[in-house]
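Report on one structure; see the data block that follows.
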């Protein structure tokens, strides 16, 4: 086992994603958490903001302004800030630390620029800011022009099961959204194999409430959510273009995607029920076989035994994704079910998985916690 | 207001559906609960089985064997027994009370037989036993031949919004299933208007746990369900043929239906997200308008304001159904959202609504309780 | 049944207490809701703020400034505003409407002043502002002098089971707090009978989250509360002096009270486990008998059968209070369990019960809804 | 790090306690799970019984009859069976494996017998069977004579913070109950220091539902528990004598204990609110200081900062116990709050902590997972 310890920082440490990063990294043998930045909580000990982490030796939360970037001794930064804020902060800290990605000439030729230099701080961004290749699509969905287009071109989409090699040398990684993670793991191998029709893919997603973060909204109060459920973002959720982008790459053509998320009264867990049309000659069993073969050696993606229905409780608190395929009653169609813990494989765990690759560590380090059930 | 009081009986009074019938009827000014039959709970006061109803003056639970059917003074019976059991019990009590529906000659001509005679006890069956017109379909889905085929032909499907007139003179009513209720109220007007394609209707349903009844199964334990969710009955849930039957009548042709229910950690509430293809020239707005016009005068079905997303908390504990229609991201498609309380409009409330019609009472009597939120 | 309809107003209609007032009153045959005042929601239809009430014909929410008090045609106002705000608003509207309670001379002699004149708008205040007899106690617990001391002297403490007669002629009623309601109903008869020791009464209370209202606090977010619980206000909760005041009156001497509330992950329901020392010669059974006799004719307070443990689900959504007494393992001690729905008997239902008395209506009108279980 | 691997077995592996043992041990670097015994689930792969553990390489579940005890190669067995069953199974396996504890002569002299020989399989029993020193007390509370009195005398009470040395050489350990664990960690140091009165200690406990295990009871169905709470076992819960026994040892005299557990709608977590009388001259702060000093070097017990209220979410999924002390409103009294995860520090985690001591491993091995919040 490597004896080296890497120093990491977390921007946005007072949110749920930040807390789960700390939880996971606290059990990682090669990591030292050296910097915690939290906006409204700056100046407070983390134990006050997150008493459940109070037994850990951790630095106090500071504000972004207090960070002295030049010469800072960090190997990697997780940026768990809201979109739009994220791109500016990443741009700023790259300038301040003289990051090699900023060399505009290099940025012209993508294949060169992703190889970070030794001195570069690796950055894993957990917002949506660096996930969309096309700045026009970003602007369409986020209502403002992207402020760091060059960086966006240099970012690697951090789904390790599909971009493992690129991640090993990446210096800027866009961690996928939670909904896209569950959907892409289920669909990319099937689109690559042309085993399903790309035109009317219907994703009905259900998510626990942590997906909405820790921000103060009336709709997130306990009494508004408990003993109830509802869909949201009907026809216009911002995770759509991200899915379409990656699915189109796999299909080799644009896809037609309908995506409807629902809020379910639970803290963690995300389940997607995906309705697809089979390609001619394909059966639901074929889809299951394609996925089972594709993920046979993956430590974090499992295809359930035939007939076993994935449930969010099967992956709670873990970095696992569990998938299965079922015959639909309508001939020529199949139903795919994919579950993750939205805060782990859908966010912080996946980010740590990418980190392991970027730092040359075994990919599963610190990520093998079994699910917490009940 | 009518001064007459009707005497009713409930078979299966120790289940959740039975309890909700008692809850609703306890506030009904024209009803006296005269008979409570409960299997494993027979011999116990209802206050012991359901302490929340302990303040009500109610008869003790007795077993089915203890009921003296001949000459029994009841106007109407709710039969809230499991399927298969139900058909035998209904047949038996009809024999014992000399019910006119049993006249086989009459049963040949449907239009005659549904008019109950004065002396007939009206029966509302809440199981699946009398919902399917075709005995072959029943046998296919329930794994055994129907034991009361003649009666099945005489039963009225108790969705008041679509069978109001027939219900007024019905003597045997099959109360619709909870999932079919939410789906049919959303889809029947659209199929009748040929405003949507009938071939690939995808219903993704989410239900609270009361839908599974009060039976002892490991999968229904609190710890198996809380903080988790999962689909079930993939591709083969028994509410499918019931939906197909009623939708085919509305469409004038068979429909292609995909239906996937999910179990959500809440007690009450059912939400269906329905993915449909628009008929040529139709828009999502058109669908909304068709529904709004169809239900303008209905006391229990409401189409929400444009853009307002129905949530189960909007109808909890009430007999309301709330529906809305949204444009899909895929051109030519729409998303319909329909919510009910599965125990009320999806079961006991709908049964009381049918009862009111059968007894000649105003349809809303005892059913106007506002939803309980939070 | 009276054919008269009373016009009522609700101040603070956009909170949970306001919503439950509307829910209950919507089924009340003698009430017309004529005024809805909501602070941050003023100008919006109620259906937008509370979609679950969208099927009811109700006035839009307006702001307090928009109300034209002089000459307003209202019989009774529910004031569901935060403490401190409440006393000022009540004082203001009394001035504006020429309320007879304001006559300072009358206020000197309490027995006279509570008889409202015909033209007076009756007021039921649901905040803590008029519950404490002693202005010094108010100032100690609320950190500021009371601004309407004269009115406070004229207010009747609205626990109908103990102040029924006074309520019939009251013009200003202070609706008890939820925790005091459950505690006082359990303890007042025992203190009056000197059946328990008054010195070390320990109340361990557990409440659903609606008790905290609809205000935006991080600690009230779903993810902070679900799958967790904790005590709060240890040793200093503001419902203490209210309990002490009423209990001292019943005991005829000061009482020693320890009160610790806990937040439980459910929407509604309040359960108090009360640990008392028996007076010499008294048994737990004696306590139960005293309570059972005291409440034999009360429509909303029930003593459970011996050995039956009250649970919050037994009263959810109803105006019922359910109590029982158990022997403690320590000789000479007993344990009392008292449950209510904090929003109904603990707030809005109790307020409507007081309203019925004040308006000369049968006390149970509109309040006989059976509990909603599950 | 030790390179030795210990082989362990789990009896009762299909319950929640068994599942949590497997979860924790799957991350333990020195353990190999070699035997899984599950009653009604025997013959099935563990992945079927607990799909959330399906990614782990584990033996299939077998029945107790199938175990070939003589010569079995196991270092330690966790016995997670129901009480009564447990004592017979432990006795049987000791006979079958020739365990040295069975030597009746040795058992006469307690100080000798706890030193296990090399060949002995260490046993950690998670039931109540070996917790009570006095067979008469066992019989009083469990309604039958103890069947293995000699073994009971040889068992060590497995609360590591108070019996660390004895555990190092123990061959049979009785893992404490969940309620006693939270109570004893809070109270033993205070009783030892005579800082609180021993006569009327009132423990109001609240527990998540996993405490009731995975057995099929109507009262454990989701719909009976969700959105509700209630006390149980009033005045007669079986964890009482266990607490009294250990507290009496610490106090040097019998204690007077009132203990009332409540069921709360959450999966995991246990919170005890303990009401105590201060010894003359002692303050709440003194109690806090005594506890803080006593646990300063303990890895799994923490005293929170002054004023910070422990919540179950602070310890969920971890082996932590969090305690704090508050002044009561009644002079001379204090309130202590103690929280644990009932399945971890209250059961499986504590058992693994004892195992580490028994096997000579660092006590924290495999137990440092941070709490899972949200």
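The values are calculated or read from the model by the stated rules, or taken from the named source; none is laboratory data. Keep in mind the model is a prediction, meaning the values are calculated, not measured. Counting neighbours? That spans all protein chains shown, and the Cβs are built from the backbone with ideal geometry, glycine included.
Tabulated data for the structure shown
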read-out	value
Residues of region D:305-317 satisfying the condition of being within 11 Å of chain C (Cβ to nearest Cβ) and surrounded by fewer than 24 Cβ atoms within 10 Å (Cβ to Cβ)	D:307, D:308, D:309
Hits in region C:318-330 (condition: at the interface with chain D (Cβ under 10 Å from one of its Cβ atoms) and part of a loop (DSSP other than H, G, I, E, B))	C:328, C:329, C:330
Subset tally (residues that are assigned to a loop (DSSP other than H, G, I, E, B) and farther than 17 Å from residue B:92 by Cα) for region B:123-139	5
Of the criteria (1) within 9 Å of chain C (Cβ to nearest Cβ); (2) over 24 Å from residue D:225 (Cα atoms); (3) within 18 Å of the chain's Cα centre (by Cα), which one residue D:275 fails	(3)
Residue selected from region B:337-350 under the condition in contact with a strand residue (DSSP E or B) (Cβ under 7 Å, 6 or more places away or on another chain) and more than 10 Å from every other protein chain (Cβ to nearest Cβ), by the criterion nearest to residue C:374 (Cα to Cα)	B:342
Any hit, region B:134-152, residues being under 22 Å from residue B:300 (Cβ atoms) and in contact with a strand residue (DSSP E or B) (Cβ under 7 Å, 6 or more places away or on another chain)	no
Hits in region D:321-330 - residues which are more than 23 Å from the chain's Cα centre (by Cα) and closer than 15 Å to residue D:311 by Cβ	D:326
Check on residue B:36, at pLDDT 90 or above, closer than 23 Å to residue B:176 by Cα and either touching a helix residue (DSSP H, G or I) at 6+ places or on another chain (Cβ under 9 Å) or within 13 Å of another protein chain (Cβ to nearest Cβ) (or both)	yes
Per-region count, region A:191-218, residues in a helix (DSSP H, G or I), within 18 Å of residue A:318 (Cα to Cα) and more than 14 Å from the chain's Cα centre (by Cα)	1
Looking only at region A:220-232, and only at residues there that are assigned to a strand (DSSP E or B) and at the interface with chain B (Cβ under 7 Å from one of its Cβ atoms), the one that is farthest from residue A:204 (Cα to Cα)	A:230
Any chance residue C:130 is under 16 Å from residue C:87 (Cα atoms), in contact with a helix residue (DSSP H, G or I) (Cβ under 8 Å, 6 or more places away or on another chain) and modelled with pLDDT of 95 or more	yes
Residue A:235, sole failed condition from (1) at pLDDT 95 or above; (2) facing another protein chain (nearest Cβ under 9 Å)	(1)
Exclusive hit being surrounded by fewer than 20 Cβ atoms within 10 Å (Cβ to Cβ), in the same structural domain as residue D:155 (by TED's automatic domain parsing) and more than 18 Å from the chain's Cα centre (by Cα), set D:52, D:28, D:99	D:28
Per-region count, region C:39-61, residues more than 14 Å from chain B (Cβ to nearest Cβ) and within 21 Å of residue C:122 (Cβ to Cβ)	1
Qualifying residue in region A:204-219 (condition: surrounded by fewer than 24 Cβ atoms within 10 Å (Cβ to Cβ), within 11 Å of chain B (Cβ to nearest Cβ), closer than 30 Å to residue C:267 by Cα and without any contact (Cβ under 8 Å) to a residue 40 or more places away in the chain)	yes
So residue D:294, is it surrounded by fewer than 24 Cβ atoms within 10 Å (Cβ to Cβ) and without any contact (Cβ under 8 Å) to a residue 60 or more places away in the chain	no
Qualifying residue in region C:222-237 (condition: surrounded by fewer than 24 Cβ atoms within 10 Å (Cβ to Cβ) and either touching a helix residue (DSSP H, G or I) at 6+ places or on another chain (Cβ under 6 Å) or more than 30 Å from residue A:52 (Cα to Cα) (or both))	no
Where residue C:259 falls short, out of the listed (1) closer than 27 Å to residue B:227 by Cα; (2) touching a helix residue (DSSP H, G or I) at 6+ places or on another chain (Cβ under 9 Å); (3) within 10 Å of chain D (Cβ to nearest Cβ); (4) crowded, with 22+ Cβ neighbours inside 10 Å	(1)
Test for residue D:188: is it more than 14 Å from chain C (Cβ to nearest Cβ), surrounded by 23 or more Cβ atoms within 10 Å (Cβ to Cβ), at pLDDT 95 or above and not in a strand (DSSP E or B)	no
Region B:351-374, residues that are in a helix (DSSP H, G or I) and either within 14 Å of chain A (Cβ to nearest Cβ) or without any contact (Cβ under 8 Å) to a residue 60 or more places away in the chain (or both)	B:356
Set B:333, B:253, B:302, B:282: member being more than 22 Å from the chain's Cα centre (by Cα), surrounded by fewer than 24 Cβ atoms within 10 Å (Cβ to Cβ), without any contact (Cβ under 8 Å) to a residue 60 or more places away in the chain and away from chain A (no Cβ under 14 Å)	B:253
